[in-house]
Amino acid sequence: MQTVPIIFRCDASSEVGWGHFRRCYALAEIAQQSGRFRVYFLSRALPKALKKKISEIHSNSQFIEEGSSVEQDLATLHSMFDMMTRKKIVVCIDQNNWTSECFSNLKQDSRVLLLSFDDGLKRHYDVDFLINQNLDADKIAYSTSENCARLLGPKYVMIREEVQTLRQHPTERMAENFQFFVCLGAADKWGYTLRAIEAVRKASIKFETHIVVSSEWPHLDAAKRLIGNHPRVHLYEDPSFFPQLLARADLALVGGSMITYELAYLGVPMMTVALNAEQATVWQSWATRGISEHIGSAESLTPEFIFERLLYWMERDQELEDRGIAAQKLVDGRGKFRVLERVSKAINLNDR
């Protein structure tokens, strides 16, 4: 059986975070495993940990210059198409800076089956599949081509395989001490994570705090100095066991979008902080559903307030458990399978 090329155009950095890459990677994993597709990633320079992930699924990677224009993106993609010369080529775009004209440009090639991830941007989508996994995605008045299939809402959340295998009922989570997990994401260039470290390092009560940051985080040395030799505050740089840290948590403090869906899938209750104005709206949707507590913008947070909310939740085991159960009902982890099934059917129809 001849494989179909599937190209993922996505980036991961301190500017855009890692969420775009992670949801593309989740889809890439099962596409490669199916034996029907040959996976390619087209990205700007990626963190070392993510380059390793690409190699683990034996996909091809091609890198473009930092600061390259969307015109260069398109030129590179078209050059890849010319090397493939197949009946059908699947392209998945997860880029906020792409314009409506970019999508139309790709669709001029009759071989292209085009997917795009979106988080509510105002642009026209001349694509075959539009994916928005956010809670209120179905309320957005999208402008799309006539035949575009809109795959909207948590039903289409992409959960990576290494996270998917760790799901358990919230009542089954066991640890001797309360486990507090902190990850504000690769986009925390301001160092707000330091405030969380300050919040927990002087606590007199015993609990474990696990803090995950990027190895390229500019405040890494300051964090290490703050923690010192504290026996219950642990700092990890791009840990390979990141999913296990998520799954063991009793409560998480997070600021990235993709990680909230992974935590919801695992049934881990969370507190969210907004690193920008767009995130605030999304986190309010989570809070309205009683799944998480939104504690405000990262800029306004203080160590004292973080610790106050942590203590509040540590005394409410049943409510934390209820929130974890509600979150698991929302995110079932089947999103990537649903999307790949729709893509495969579209290819089969076109091949007839």
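At a glance:
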| quantity | calculated |
| --- | --- |
| Residues that are of a type outside the set (S, T, N, Q) and loosely packed, with under 15 Cβ neighbours inside 10 Å, drawn from region 238-248 | PHE241 |
| Residue that is surrounded by the fewest Cβ atoms within 10 Å (Cβ to Cβ) [pool: residues in region 253-280 that are over 15 Å from VAL157 (Cβ atoms), small (Gly, Ala, Ser) and in contact (Cβ under 8 Å) with a residue 12 or more places away in the chain] | ALA280 |
| Tabulated pairs, region 233-246, first under 16 Å from GLU262 (Cα atoms), second β-branched (Val, Ile, Thr) and surrounded by 15 or more Cβ atoms within 10 Å (Cβ to Cβ), C-beta under 6 angstrom, 6+ apart or interchain | PRO243/VAL163 |
| Qualifying residues in region 200-217 (those that are crowded, with 19+ Cβ neighbours inside 10 Å and more than 10 Å from VAL233 (Cβ to Cβ)) - the one modelled with the highest pLDDT | VAL212 |
| Qualifying residue in region 333-351 (condition: surrounded by 14 or more Cβ atoms within 10 Å (Cβ to Cβ), within 19 Å of LEU253 (Cα to Cα) and either of a type in the set (Lys, Arg) or assigned by TED's automatic domain parsing to the domain that holds ARG86 (or both)) | no |
| Matching entry among SER214, SER240 (being among the polar types (S, T, N, Q) and closer than 19 Å to TRP190 by Cβ) | SER214 |
| Test: GLY153 is out of contact with any Lys or Arg (no Cβ under 9 Å at 6 or more places or on another chain) and either buried (at least 16 other Cβ atoms within 10 Å of the Cβ) or of a type in the set (A, V, I, L, M, F, W, C) (or both) | yes |
| Tally, over region 297-332, of residues that are surrounded by 14 or more Cβ atoms within 10 Å (Cβ to Cβ), touching a residue at least 40 places away in the same chain (Cβ under 8 Å) and of a type in the set (S, T, N, Q) | 1 |
| Scope region 108-134; condition over 22 Å from MET80 (Cβ atoms) and surrounded by fewer than 19 Cβ atoms within 10 Å (Cβ to Cβ); matching residues | ASP119, GLY120, LEU121, LYS122, ARG123, HIS124 |
| Index of the failed condition, GLY67 passing every other in (1) among the small types (Gly, Ala, Ser); (2) more than 16 Å from ILE89 (Cβ to Cβ); (3) within 17 Å of the chain's Cα centre (by Cα) | (3) |
| Region 215-260 - residue that is out of contact with any Gly (no Cβ under 6 Å at 6 or more places or on another chain) and among the small types (Gly, Ala, Ser) and, of those, farthest from GLU315 (Cα to Cα) | SER215 |
| Filtered residue count, region 205-258, keeping only those that are closer than 29 Å to ASP322 by Cβ and of a type in the set (Gly, Ala, Ser) | 6 |
| Unique residue being farther than 30 Å from LEU27 by Cα, assigned by TED's automatic domain parsing to the domain that holds PRO269 and under 22 Å from the mean Cα position of the chain (by Cα) when the list is ALA203, ALA196, ALA186, ALA222 | ALA196 |
| Selected residue (criterion: farthest from VAL16 (Cα to Cα)) from residues of region 52-88 that are in contact with a Ser or Thr (Cβ under 7 Å, 6 or more places away or on another chain) and part of a helix (DSSP H, G or I) | ILE54 |
| Identity of the residue in region 63-107, among the charged types (D, E, K, R) and in contact (Cβ under 8 Å) with a residue 60 or more places away in the chain, that ends up surrounded by the fewest Cβ atoms within 10 Å (Cβ to Cβ) | LYS87 |
| Of all residues making up region 26-43, the number that are assigned to a loop (DSSP other than H, G, I, E, B) and either modelled with pLDDT under 90 or surrounded by fewer than 16 Cβ atoms within 10 Å (Cβ to Cβ) (or both) | 2 |
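The values are calculated or read from the model by the stated rules, or taken from the named source; none is laboratory data. Because the structure is a prediction, the values reported are computed rather than measured. Glycine gets a Cβ as well: all are built from the backbone with ideal geometry, and neighbour counts include every protein chain shown.
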